[in-house]
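Take a look at the structure below.
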Amino acid sequence: MGLSAAKVKVGDTHEQVLVDDLTRTQLVMYAGASGDYNPLHSDELYAREQAGYPGVFAHGMLTMGMTGRAVTDLVGADRLKKYGGRFRVQVWPGDTLTATVTVDAVRDEGGEHLVDLSVVTVNQKGEQVFTGNATALLDA
Amino acid sequence: MTVERFPIEAGHILLFARAIGDPNPIYADPDTAVAPPTFVQASAQFDPDYSLRPKPGQPWMGSAKEPSQLAGGRDEGGSGGSRSGGTGLHAEQHYEYHRPLRPGDVLSATSRSGETWEREGKRGGKMTFSENIIEYRDQKGELVVTARSVGVRTGQVVA
């Protein structure tokens, strides 16, 4: 169920909408599944009155988790060797996020076929919210 | 953070996949399920001392009658409050996977501090970065995932 080495080439891109009009309920779902109950992400009163933010915002790890879907949809769910990145700006309820995965390199290492990917997730204003890289195993 | 026992469970994988909006059917079938890429973050559920989870009988940083149970009223500005601005945020996260995780795996996790550095930020004033490395091992003691996070503490609210 991986991606075949013969089918990828450097410069290939894969674009995917991750979420359209992000709901506050999705933030609550992520809190419950991950165990990160930081009230900044689910408690509007706390986020505004106590912490001084305009309101609740998404866990960075929700953005990274949603972005991971664009990577695993491309390479397969059990093929990742590395995945990492940087949180650029906050993601807010109502945001629409789109990820673009780009093939940076296709290489062999230690008898394995590998693909290096870069990934950029932007919001509806085109601002980068998450930028990262991944390395995955390819099928022969 | 130390987690002695983090069982990888099919139901938890399904809930996590739903939470990140991933409808891939692989996550719904216990026979095919693998952990999504960021799943080990949910080891927080199995950390008895995890600070970002309310605990029975203890005041919680989030709101109840007041915007925070820890603040002791807004005018007093108690220890839990951060009304004056400044907060800890997640800046970076990196994973190295040594093999896929499947239901039935039982992990343990140990963390250690990495480097710390400072920078002047445009939006947040002085920013202090600190690195934390978590190693996840399976029931045989083999390293399965290495996670490196970078947290940032800012001098003022960034939004």
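The values are calculated or read from the model by the stated rules, or taken from the named source; none is laboratory data. Since the structure is predicted, the reported quantities are computational estimates derived from the model, not experimental observations. Cβ placement follows ideal geometry from the backbone for every residue including glycine, while neighbour counts extend to all protein chains displayed.
Here are the numbers for this structure:
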{"item": "Any hit, the stretch A:80-90, residues being over 22 Å from B:R99 (Cβ atoms), part of a strand (DSSP E or B) and touching a strand residue (DSSP E or B) at 6+ places or on another chain (Cβ under 7 Å)", "result": "yes"}
{"item": "Test result for B:E142, surrounded by fewer than 18 Cβ atoms within 10 Å (Cβ to Cβ), touching a residue at least 40 places away in the same chain (Cβ under 8 Å) and either in contact with a strand residue (DSSP E or B) (Cβ under 6 Å, 6 or more places away or on another chain) or away from chain A (no Cβ under 14 Å) (or both)", "result": "yes"}
{"item": "Looking only at the stretch B:18-76, and only at residues there that are at the interface with chain A (Cβ under 7 Å from one of its Cβ atoms), under 14 Å from A:N38 (Cα atoms) and hydrophobic (A, V, I, L, M, F, W, C), the one that is surrounded by the most Cβ atoms within 10 Å (Cβ to Cβ)", "result": "B:A42"}
{"item": "Among (1) more than 9 Å from chain B (Cβ to nearest Cβ); (2) crowded, with 23+ Cβ neighbours inside 10 Å - the single one A:L80 does not satisfy", "result": "(1)"}
{"item": "Residue match in the stretch A:47-70 (condition: within 13 Å of chain B (Cβ to nearest Cβ), touching a residue at least 60 places away in the same chain (Cβ under 8 Å), crowded, with 23+ Cβ neighbours inside 10 Å and among the β-branched types (V, I, T))", "result": "yes"}
{"item": "From A:T100, A:T96, A:T72, A:T23, residue being under 25 Å from B:P103 (Cβ atoms), among the hydroxyl-bearing types (S, T, Y) and under 18 Å from the mean Cα position of the chain (by Cα)", "result": "A:T72"}
{"item": "Those residues of the stretch B:115-139 which are away from chain A (no Cβ under 14 Å) and under 30 Å from A:G52 (Cβ atoms), in sequence order", "result": "B:E115, B:T116, B:W117, B:E118, B:E120, B:K126, B:T128, B:S130"}
{"item": "Check on B:R5, within 29 Å of A:A70 (Cβ to Cβ), basic (K, R) and modelled with pLDDT of 95 or more", "result": "no"}
{"item": "Residue that is farthest from B:F6 (Cα to Cα) [pool: residues in the stretch B:106-127 that are in contact (Cβ under 8 Å) with a residue 60 or more places away in the chain and buried (at least 19 other Cβ atoms within 10 Å of the Cβ)]", "result": "B:A109"}
